[in-house]
Amino acid sequence: MTRLNDEHLKKVERALREAHQSRQEPSFGDDWTFRLMQDVRRESAGQGRSMMALGLDRLVWRTAAVAAVLALVFTGSVLFYTNRDTVELTALLSNEIDVVLPLSE
Amino acid sequence: MPGHVAAECLDFIGVQTLVSDDFEIIRRVLHGEVDSFAELIARYRQHVAKITNQHVPADRVAEVAHDVFVRAYTSLSSFSGRTPFEHWLSAIAIRTCYDFWRARRREELPVSALTTEHQAWMDHVLAAESDDQFREQARRQEAAELLQWALGHLSAENRLVLTLVHLDGYSVREAAGLLGWSVVNVKVRAHRARQMLRTLLLERKRLEDDTTQR
């Protein structure tokens, strides 16, 4: 029976280090590589699908953005031309009134 | 040119060829030749097996090594090529082992999990006078089991740092690079984890002595 001092602890630590380093190395067989490659291919297919989904998402958002811009331009032009027509109509009507008034007098 | 210098030159050229081959394989994989990844697996499976074997239980090594390569494949596009592929893969292996322990609930095995053989092992180690006797004790199953018992009391972080720095013999800077942590963090944790291991061993021995005295 030995009480542990610092030297003893170091010796036990060294033995544990050697125990750790002497662990037997495993070796993987061909079936391990085969299963791994199956998973890698599955990941690859998943990545391809997610890339396609990402591409579709982008297309939808870009189309939406273009549609929004076109809608804004269309609305702006409608408002612009409608306003101009209203001004012309008002001017026309006011001319008619101007013309009509002296006749009534 | 002396023989050993020529051999070193050839080794260097061999390593350079291997590294440039790695880049070529990675380029092919990234361009859609998925099957080329099998070449990287063949080259580095023993390297990954060695790392995972030192950090996870023997019966989980194959599974964790599998995860390492799947992770490497999914993040292959982030490989910058500034460091050799082997270093990059080692860091992934270490982080996968870390995640393994984080996901697993800490199993604090009670002292009663250790048998009288484990208890006697420490005395045998301390009594060993020659190197051969000492090595024989270190190779015993009890040594590995006692180490696992002690590591089971540590958090995933402390466990990994202690294993890397004190058991595997990596420098603090190397361990920091592998873990993606700061050097100071690794230094502090390594010191703390070692103190914990020592406390565990001391308590273990004290208990054993008390039992023997009774």
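The numbers here are math on the coordinates, done by the rules we state, and not lab data. This structure is a prediction, so every number in the text was calculated from the model and none was measured. Please note: Cβ atoms are built from the backbone with ideal geometry, for glycine as well, and neighbour counts cover all protein chains shown.
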**Fill in**
Distance in nm between residue B:102 and residue B:131 label points, each 7 Å along Cα→Cβ, equals 4.2
**Request:** Within the stretch B:74-100, find all residues whose amide N lies under 19 Å from a label point positioned 7 Å from the Cα of residue A:42 along Cα-to-beta-carbon.
**Result:** B:74-76
**Prompt:** If you put +1 on each Lys and Arg Cβ and -1 on each Asp and Glu Cβ, how big is the dipole of the stretch B:138-178 around its Cα centre, in Debye rounded to 20?
**Reply:** 80
**Item:** Förster-model FRET efficiency, 41 Å R0, residue A:73 and residue B:21, C-beta, rounded to 0.05
**Value:** 0.15
**Prompt:** What spacing in nm lies between the two simple spin-label points modelled at residue B:30 and residue A:82, each 7 Å away from Cα in the Cβ direction?
**Reply:** 5.5
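Indicate the gyration tensor shape class of the stretch B:134-182 (rounded, prolate or oblate), computed on the Cα atoms with a ≥ b ≥ c the square roots of the eigenvalues: a/c under 1.5 is rounded; otherwise a/b larger than b/c is prolate and the rest oblate.
Numbers: a/c = 4.65, a/b = 1.77, b/c = 2.63.
Oblate, since a/c reaches 1.5 and b/c is not below a/b.
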**Request:** Can you pull the one-decimal nm distance between simple spin-label points at residue A:60 and residue B:58, each 7 Å off the Cα toward Cβ?
**Result:** 5.3
